[in-house]
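Note sheet for the following structure.
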Amino acid sequence: MLPIIPATVIGSWSLPGWYVKFCADVAQHPSQYGPDDREESLHDAVRLAIDDQLRAGADIITDGEMQRVDFNLGFYDYLEGLQPLPTTRIWGPPAHDQRNKYTCIAPLKAPRGLGLVAEYRRLRQYTSLPAKMPIPGPFTLAGCIQGGDVYKNRDEITAALLPIVNHEMKQLVQAGVDFIQLDEPSFACHPSLLPSPSGRGAGGEGAERFLDLIARTVAGVDAKISMHMCFGNYRGRAVGWRSYAPLFPHLASAKVHQLALEFASREMAEIELVKQIPAPMELAVGLVDVKNTWIEPPELVAQRLRETLKYIEPERVHVTPDCGFSQTARSIAQQKLANMVEGVRIVRRELKNGEAQG
């Protein structure tokens, strides 16, 4: 049984320093590490991620996405039909143009799946507590792929990825998963769905296409589904203009049970938009900024939560960081999550005593 206003992470956890070094060594010298060496280190990293979350008091946990590192365990390595592209800029300030990119040389397939069932089974070796499994959506997954001579555009790439993601979600349900988080931040970041310079929304038609995409992605998936839509966090940086205004009221029609949205990094701007989220749809509200190194005190988290509850009932609210902690130093992530949980507990006590105020 979960408490009112469950506290959880978005998905990823901060990688321990030794594990980052291990992954780099494996990438550079793969012949020096056997499959048992890699699996042992992965298990150790997952156990630490779970332990960190439990020590902080999280009510719903993940495996920290420890398998999703950028070498032979990355998502794109499960896809056949891809060829890596050279990185065009290596030096200088980190930014999204330094992400790995691929081009299609054949139709996309994933005969081995995306590896998520193995992630879930590994997680369950260490805990039976409530957990969720994040999975990248097809539109976001398509963002690093060029069509080459196989696909004309991103829409066609997305259409090829959709059945792969849908199948993986169904496989997770068969494995026992009852809570899946669909990560689709690209919709919030994609320029074609932002308002025009005149201030009028330009995303109506695009939003309808996206909502149809989401409906087809989750079709037949018998689990609670949350859709995570932040503004990007590669190297701790957002992608573009950070506003949800063009997406409402469209998001209220999404075929999901929960929306996971970013607010802390924007000092709670646009929080009033959540009043458009219809019951019984839930909100996972981001109340901790993963892009900075300042550790929010519990009372600030409580204040932000009280502000949120002006617009939506507590029974429909989860509290999360804005995004995953993969780009945050582990010691900072540990304290941020602990303070987030304590801030939630403050408001829970106030609700129990009839004291919660905006």
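Bear in mind these aren't lab numbers, they're just calculated from the coordinates by the rules spelled out. A quick note: this is a predicted structure, and the numbers were derived from the prediction, not measured. For neighbour counting, all protein chains shown are included, and Cβ atoms are generated from backbone atoms with ideal geometry for every residue, glycine included.
Measure out, as a whole number of angstrom, how far apart the alpha-carbon centroids of segment 220-254 and segment 260-275 sit.
Computed from Cα coordinates, the inter-centre distance equals 11 Å.
Given contacts defined as C-alpha pairs under 8 Å and at least six residues apart, what's the relative contact order of segment 30-114, whole-number percent?
Values: 71 pairs, mean separation 19.8, N = 85.
For segment 30-114, the relative contact order is 23 percent.
Which one of Val347, Leu48, Cys323 has its Cα pushed farthest toward the positive end of the charge dipole of segment 17-352, where Lys and Arg give +1 and Asp and Glu give -1 at the Cβ?
It is Val347, whose Cα lies furthest towards the positive end.
Put a dot 7 Å past each Cα toward the Cβ at Leu129 and Ala329; how far apart are the dots in nm?
Label at Ala329, label at Leu129, 2.5 nm between them.
Mind jotting down the distance between the C-alpha centroids of segment 157-190 and segment 315-358, whole Å?
So the two Cα centres are separated by 26 Å.
In what sequence do Phe179, Phe187 fall when counting other Cβ within 10 Å, fewest first?
Working: Phe179 19, Phe187 23.
Ascending Cβ contact count within 10 Å gives the list Phe179, Phe187.
Per the helix-only calculation at 222 nm, which mean residue ellipticity applies to the chain, given -39500 (n - 2.57) for every DSSP H run of n ≥ 4 and division by its residues, nearest 500 deg cm²/dmol? Intermediate results must be reported in sequence, preceding the final value.
Values: 9 runs with 122 residues, N = 358.
Computed ellipticity for the chain at 222 nm equals -11000 deg cm²/dmol.
Based on other C-beta atoms within 10 Å, arrange Ser31, Ser331, Ser226 from fewest to most.
Values: Ser31 6, Ser331 11, Ser226 24.
Lowest count first: Ser31, Ser331, Ser226.
Enumerate the calculated ³J(HN,Hα) couplings along segment 213-228 in order (Karplus 6.51 cos²θ - 1.76 cosθ + 1.60, θ = phi - 60°), each rounded to whole Hz, writing x wherever the residue is Gly or Pro.
4, 5, 4, 6, 5, 9, 4, x, 8, 8, 7, 5, 10, 9, 10, 8
Just tell me which lysines come within less than 19 Å, Cα to Cα, of Lys132; anything on the same chain fewer than 8 places away is out.
Here the lysines satisfying the reach criterion relative to Lys132 are Lys170, Lys224, Lys255.
Please report the equivalent ellipsoid semi-axes of segment 48-185, computed as sqrt(5 x eigenvalue) of the Cα gyration tensor, largest first, in whole Å.
Values: eigenvalues 168, 73, 29 Å².
Ellipsoid semi-axes (Å, largest first): 29, 19, 12.
If amide hydrogens are placed 1.01 Å from N in the peptide plane, which non-local residues have theirs closer than 5 Å to the one on Ala260?
Residues meeting the amide H criterion: Met227, His228, Met229, Ala284.
For segment 8-84, which chymotrypsin sites (Phe, Trp or Tyr not before Pro) pass both filters: DSSP loop (anything but H, G, I, E, B) and at most 16 other C-beta atoms within 10 Å?
Working: sites: Trp13, Trp18, Tyr19, Phe22, Tyr33, Phe71, Phe75, Tyr76, Tyr78; in loops: Trp13, Tyr33, Phe71.
The qualifying sites are Tyr33, Phe71.
Mind sorting Glu282, Glu208 by how few other Cβ atoms lie within 10 Å of their own Cβ, fewest first?
On the way: Glu282 21, Glu208 12.
Fewest-to-most ranking of Glu282, Glu208: Glu208, Glu282.
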